[in-house]
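Let me begin by presenting the structure, written as structure tokens, before commenting on it.
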Amino acid sequence: MHTLTMRQGRRLNLPSRGMAFLLAASLPLLPASTMAQSAVDDGEENFAIEEVIVTAQRREQGLMDVPVAVTAFTGEQLERMGALDIIALTQTTPNTTLEVSRGTNSTLTAFIRGVGQQDPVAGFESGVGIYVDDVYFNRPQAAVLEIFDVERIEILRGPQGTLYGRNTIGGAIKYVTRRLSDGPELKARGRYGNYNMLDLVVTGSLPLSDNFRIGGSVASLNRDGFGDNLNLPGIENYNKDMLGARFSAEWEPGEDWFFRLSADWLKDDSDPRQGHRLTTGVLSGAPVLDDVYDTRAGLNNPIQEVEAKGASLLAEWTASDLVLFRGIFATRDDENWTPIDFDSLPSADLDVPALYENDQDSAEIQAVISGKRLNGVVGLYYLDANAFTAFDVILANTGALLGLPGLNAFTLGDVNTKTWSAFADFTYDFTDQWSVSVGGRYTDDKRSSTVLRQTLIGGTSELFGGSAIPIATTSDFNGSRSFTKFTPRVSVQWRPNEDHNLYATYSEGFKGGSFDPRGQTSAAPDIDGDGMVSEEEIFDFMAFDPEEVDSLEFGLKSTLFGGRMTSNLAVFFGDYKDVQVPGSVGVDTDGDGVSETFIGITTNAASADIDGVEWEGQAILAQNIGANGADLNLAWAIGYIDANYNEFIDVTGQDVADQRVFQNTPKWTAAGTLTYNLPVNWFNRSGLLGFITTLAYRDDHSQFEIPNTYLDQDAYTLWDLSVVWSDDSGHWQVGAHGKNLTDEEYKVAGYYFPYPTLGLEGTVTAFYGNPRQFWLDVQYRWF
């Protein structure tokens, strides 16, 4: 049973299935920090917004009580809004960018409050942490998570270094899967839409005894491409061919014990996603294509294939009313074969067959304290991970010009990570109005790296099925380095009454240092001028330090008008230090004015200020409008960010801060959702019909730190519309969804190597967000 508390003090008891229906039926479809809340009406009382429970501070709390900027989405709400994957959450979360990485189908690029990382190569760390059931994803590959069998998704903004550790300096995204129901359950959801979208998700669970149950979901997700590869018949561009599954088993041997074993698997056989050229080919004269989703890419080796799998064990013991002990043990691995044709032309001018392999094992032990005035968590965390990347850079046109047939610049990076940390975070309520939270985390982070770079002739390397032979080795580096960091958090809260929560929070976070995976040791400078480049100088040239963010946030969370409106305002000031600046530059190895290869140069050469404001909220505008029990709701999310570099030293040693901008960071983001819920009785079935429309605006923004007229994206607005009917029995839900109804074209990523930077054709290519889509969604629950 679930209990909803009315503002007037009346209590309403509902069975689990009724609660799920109520949440799905009554929500506005935009997260406003209080997004996953429900408007409740019993026919006599006024509507009120029910608060959701989140675990942003690693323990259960009401969303309005957490001194952190959090946006939360329930699974029922995500289904109702037609969200297919976590990329959809970008539209309605302030100061957040989630995109599919360039040249991939399932690698995630994530930025929150100006901080992130878009280079997925092993050796570069993410600035936004991704967690599935509190298991950290060490790498971005296979992290564009499909949304099914989910209880909720939380997006935490700002540094989370105390409770979530390294690589959460921008924020964290928590994907929480549904626990199994006590009784048997079986439901199926099907979708059919344009581009021959055809999805099927089947979810079920079964209790095998009073204290043991099993369940899971299987998802087949399919769609034709938004465009075609005009050079390779039968190969589509931006298509989808995925199969995924989740399984879990839950055991409660006693009232104080809970165990959950989970496993997941994903296979992505989508065709490679190639770019759209924005300039005419320099050598071939190939014109720019009319359709931005079409490509002429010639590379199809290796065959595009992604497979990811993982398993985790959650163990909880409630030792007393005061203490709960929790253990989270997990293992994950993924393998990604992908052909990336940088120049998107038939010739092998800049072809990059690539392999990404990642594996990780992690363990976390927590003690959660729940007292009358003292609440908090203390824990230990350990991660042992490996990230392997290897790729060719085939420059056949350049090689022919130089008399080096099948010229290939091969790169291999192998990075081992061993990190452990100890953390604690506690809140003490001095009075019913005043409380103070204090926390800290000590992290020991060790990185060991191998970087091998070779010049080959004869085309493709052996790893990708070829027989090219090396003629030179330009990097053969092995290095190891440890970093230690203490990240504190202090928060003060004042609740003048039950409807208002004012807080001030200081927090720190850091992103791990490493070694440049594209670094070329032969390019290391002779720093001391002694006529030779020492091992120490090579080490310093390849290494880069962690970057850090110190943040001060002031917030006000309010419930207004007798529970009919919620408002969540946050103002933040960030000091961004030792910013890692990864870059690639073409290298002319023979003085002919044409770059034959490129090398990486990554430095901690920048500092910046990141300040901004976020305001989220929702309001019940009217009740019993048009019919008894009907309601009209508005939800909004507005973000403003002022991010400026104070210092930015380029590869020549010049401070070019006034010429650099923050990538993937619009100054303004805004979204509004209007929802009208109407009780109906069709075919002798009572239910609720919802009309949901969303407008989402994103300001001008740049793909890279250097403004670029080709790749920078102008401001744009996306319009979505959904009509969803659910019956009161909870058996049926039918929805019609339209996304990007104005068919807006907008860039989300790109490559920029204009002639003669690298290759002979000039590479200026872009990748785009999804065009207009519409589909019908039908779900049936048997029990």
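The values are calculated or read from the model by the stated rules, or taken from the named source; none is laboratory data. This one's a predicted model, so the numbers in the text were calculated from it and none came from an experiment. Cβ atoms come from the backbone with ideal geometry, glycine included; neighbour counts cover every protein chain shown. Remember, those area values only see protein heavy atoms, side chains included, never the ligands or the DNA or RNA. Shrake-Rupley method; radii C 1.70, N 1.55, O 1.52, S 1.80 Å.
Among the residues of the stretch 60-81, the one identified as in contact with an Asp or Glu (Cβ under 9 Å, 6 or more places away or on another chain), open to solvent by 10 Å² or more (accessible area, probe 1.4 Å) and assigned to a loop (DSSP other than H, G, I, E, B) is Val68.
Restricting attention to the stretch 719-747, the residues that are touching a residue at least 60 places away in the same chain (Cβ under 8 Å), closer than 17 Å to Thr92 by Cα and open to solvent by less than 20 Å² (accessible area, probe 1.4 Å) total 3.
All of Val734, Val778, Val764 fail the test of being in a strand (DSSP E or B), at pLDDT 95 or above and within 29 Å of Ser284 (Cα to Cα), apart from Val764. Residues in the stretch 261-299 that are among the basic types (Lys, Arg), open to solvent by 30 Å² or more (accessible area, probe 1.4 Å) and more than 30 Å from Ala245 (Cβ to Cβ): Arg296 only.
Regarding the stretch 175-190, can at least one residue be identified that is under 12 Å from the mean Cα position of the chain (by Cα) and closer than 30 Å to Ser421 by Cβ? Checking the stretch 175-190: at least one residue is under 12 Å from the mean Cα position of the chain (by Cα) and closer than 30 Å to Ser421 by Cβ.
Each row is one residue, and each column tells you yes or no for (1) surrounded by 20 or more Cβ atoms within 10 Å (Cβ to Cβ); (2) part of a loop (DSSP other than H, G, I, E, B); (3) of a type in the set (Asp, Glu).
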position	(1), (2), (3)
Thr162	yes, yes, no
Asn167	yes, yes, no
Tyr175	yes, no, no
Arg179	no, yes, no
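Kindly indicate whether any position in the stretch 557-578 is free of Cβ contacts under 8 Å to residues at least 40 places away in the same chain, assigned to a strand (DSSP E or B) and either β-branched (Val, Ile, Thr) or on the phi > 0 side of the Ramachandran plot (or both). Among the residues of the stretch 557-578, at least one is free of Cβ contacts under 8 Å to residues at least 40 places away in the same chain, assigned to a strand (DSSP E or B) and either β-branched (Val, Ile, Thr) or on the phi > 0 side of the Ramachandran plot (or both), which makes the answer yes.
Looking at the stretch 692-707, which of its residues are surrounded by 16 or more Cβ atoms within 10 Å (Cβ to Cβ), of a type in the set (Asp, Glu) and modelled with pLDDT of 95 or more? Of everything in the stretch 692-707, just one residue is surrounded by 16 or more Cβ atoms within 10 Å (Cβ to Cβ), of a type in the set (Asp, Glu) and modelled with pLDDT of 95 or more, namely Asp699. What do you reckon, is Pro517 more than 30 Å from Phe561 (Cβ to Cβ) and touching a strand residue (DSSP E or B) at 6+ places or on another chain (Cβ under 7 Å)? Here the answer is yes, as Pro517 does meet what is asked.
Conditions tested, residue by residue: (1) surrounded by fewer than 21 Cβ atoms within 10 Å (Cβ to Cβ); (2) at pLDDT 95 or above; (3) β-branched (Val, Ile, Thr).
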residue	(1), (2), (3)
Ala367	yes, yes, no
Gly379	no, yes, no
Phe388	yes, yes, no
Ala396	yes, no, no
Trp420	yes, yes, no
Phe423	no, yes, no
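Out of everything in the stretch 532-569 that is hydrophobic (A, V, I, L, M, F, W, C) and under 30 Å from Ser437 (Cβ atoms), what residue ends up being least open to solvent (accessible area, probe 1.4 Å)?
Keep residues of the stretch 532-569 that are hydrophobic (A, V, I, L, M, F, W, C), which gives 532-533, 538-539, 541-544, 549, 552, 554, 556, 560-561, 565, 569.
Filter once more, so that each one left must be under 30 Å from Ser437 (Cβ atoms): 549, 552, 554, 556, 560-561, 565, 569.
On the way: Val549: 9, Leu552: 66, Phe554: 94, Leu556: 61, Leu560: 48, Phe561: 149, Met565: 36, Leu569: 69 Å².
By that ranking, first place goes to Val549.
Selection of the stretch 92-106 for residues being surrounded by 24 or more Cβ atoms within 10 Å (Cβ to Cβ), under 26 Å from Asp271 (Cα atoms) and under 13 Å from the mean Cα position of the chain (by Cα) yields Thr97, Leu98, Ser106. In the stretch 329-347, is there at least one residue being open to solvent by 30 Å² or more (accessible area, probe 1.4 Å), of a type in the set (Gly, Ala, Ser) and modelled with pLDDT under 95? Yes, the conditions are met somewhere in the stretch 329-347. In the stretch 634-661, the residues that are outside any strand (DSSP E or B) reach residues that are at pLDDT 95 or above and surrounded by 18 or more Cβ atoms within 10 Å (Cβ to Cβ) with C-beta atoms within less than 6 angstrom, at least six apart or across chains, in these pairs: Ala657/Tyr645; Arg660/Tyr645; Val661/Ser702. Checked against (1) modelled with pLDDT under 95; (2) of a type in the set (Phe, Trp, Tyr); (3) closer than 24 Å to Phe662 by Cα; (4) open to solvent by 50 Å² or more (accessible area, probe 1.4 Å), Tyr710 meets all criteria but (1). Restricting attention to the stretch 203-223, the residues that are within 16 Å of Phe258 (Cβ to Cβ), buried (at least 18 other Cβ atoms within 10 Å of the Cβ) and of a type in the set (S, T, N, Q) total 1.
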